[in-house]
Structure formats: C-alpha cells, structure tokens
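Laboratory data are not the source of any read-out in this text; all were calculated from the coordinates shown. All values reported here derive from a predicted model rather than from experimental measurement. Using ideal geometry, Cβ is built from the backbone for each residue, glycine included, and neighbour counts are taken over all protein chains shown.
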Amino acid sequence: MATMKAVQLDEPGPPEVLQIRDLPMPAPPAGWVRIRVEAFGLNRSELHLRLGYVTNATFRRVPGIECAGTIDDPNGTSFRAGQKVVAMMGGMGRQFDGGYAEFVIVPAPQAIPIETNLPWETVGAVPEMLQTAYGSLITGLWGPYVQTEGLRRSESRSHHDHERPEDAPFCAKSVDHRTCVPTLLPVFSCYW
C-alpha cells in the first residue's frame with residue numbers, strides 16, 4: 001500500500017498533539033481529484049482547530065484549509081496530471097483531510113487551475129490570503145457603495161455584477177465616514 005507523510009491531529013490540545021505520520025495515500029472518489037501538495041499556508045483557523053474552538057470538524061484529521069500543488073490523479077475530470085492548482089476551504093481540514101500532507105483529495109470544483117512561475121513557498125500562502133483580501137475589498141469597501149450609491153443609480157443605469165464604476169470607493173477613500181487603512185498581515189507558508 002502506498003503511503004504519504006502528513007501532519008495529523010487526533011484531538012484538540014497543545015502543539016504536541018500535531019503528529020507527523022505515514023498515512024495511506026488517499027484515493028479520490030468520483031468527482032474528486034488528488035493533488036500533490038507542494039506548499040500550504042498556515043492560518044489562524046488551524047490554530048482554532050487545534051485548540052478545539054472549531055465546531056464543524058471531526059477528528060482524526062489532517063489540518064489545512066488550503067494548499068498549492070499539481071494534479072496527481074485527475075480521476076476522469078477535466079484536469080490533467082501535472083496541472084498547477086490551488087485549493088481552499090469547502091471542508092478542507094474540517095470534514096475531510098486538508099493540506100498538511102504530501103497529497104490531498106478535494107472535490108474537483110474546489111481545485112482552481114493556476115499559471116505561475118512563483119516559487120511554491122509563495123504560492124502556498126496565496127489562496128486564503130487572496131480570498132481574504134478580495135472579500136475585504138469587495139465586501140468591505142465596494143459593498144457599502146453597492147448598497148447605497150449603486151442602488152440609487154440602478155434606476156438610471158445598470159451595472160454588470162463585476163464592473164467597478166469609476167467612482168466606486170477604493171482603499172484610500174472614505175466610505176460612509178470610514179477609511180480603509182492598509183495593514184500588513186503576517187503570512188506564513190510551508191512546503192514539502
């Protein structure tokens with residue numbers, strides 16, 4: 001039986017509960033793919049999982065809500081072996097084993113094809129960080145615009161869902177008397 005290295009968590013607890021183990025190579029069911037993990041991000045949510053704050057997780061579990069790597073087994077999907085992908089959330093590291101492993105299986109729609117020449121240790125930190133930044137900008141800054149000014153304008157002209165009007169707020173402008181202050185978040189990445 002083929003095996004892989006993975007970090008496994010048997011139950012919540014101190015850092016010592018994280019164990020590097022040899023586990024069976026996961027076989028993807030229909031509609032899933034297997035990714036050879038080249039890098040993964042370390043997120044606060046994994047700390048919450050380890051401390052037992054997460055209520056939607058089952059244990060024994062390989063943590064990791066994101067990963068970056070290449071398709072190892074496309075399993076009849078439209079992906080091809082060797083294709084670069086990232087995957088995140090959607091149950092990773094909670095309902096099914098996550099990215100803290102040499103290989104991970106995810107539902108095919110959860111794998112996002114990428115084209116990049118960035119080093120894996122950089123790419124590993126991108127999926128969740130990019131989703132967080134995008135959500136903060138679109139929901140946090142553009143959201144108030146859409147909810148107020150954008151709705152008033154909808155009577156006179158329509159906007160495509162993904163178009164940003166020229167006068168929509170950006171990070172340096174005030175939105176409803178709030179100003180976006182750029183912050184630097186620590187980003188960590190691990191690679192095998």
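Here residue 60 and residue 1 are evaluated by their C-beta separation; at R0 = 25 Å the FRET efficiency comes out at 0.90.
Amide H contacts of residue 8: 19, 20, 21, each under 5 Å away and 5 or more positions distant or on a separate chain (H built 1.01 Å from N in the peptide plane; Pro and chain starts excluded).
Working from Cα pairs under 8 Å separated by at least six residues, relative contact order for segment 5-137 is 30 percent.
For segment 1-89, trypsin sites (Lys or Arg not before Pro) meeting the loop criterion (DSSP other than H, G, I, E, B) and having at most 14 other Cβ atoms within 10 Å: 60, 80.
Could you work out the local net charge near residue 63, counting Lys and Arg as +1, Asp and Glu as -1, over the other residues with Cβ closer than 15 Å to its Cβ? Once all neighbours under 15 Å are counted, the net charge is -1. Computed from backbone phi, the HN-Hα couplings of segment 88-96 come to 7, 6, x, x, 4, x, 10, 8, 9 Hz, rounded to whole numbers (Karplus: 6.51 cos²θ - 1.76 cosθ + 1.60, θ = phi - 60°; Gly and Pro given as x).
Available extension along the chain between residue 139 and residue 114 is 6.6 nm, counting 0.36 nm per residue and deducting the alpha carbon span. Sorted from longest to shortest, the spans of the Cα atoms of segment 3-123 along the three principal axes equal 39, 30, 25 Å.
Compared with the direct C-alpha span, the chain from residue 51 to residue 17 gains 11.2 nm at full extension, assuming 0.36 nm per residue.
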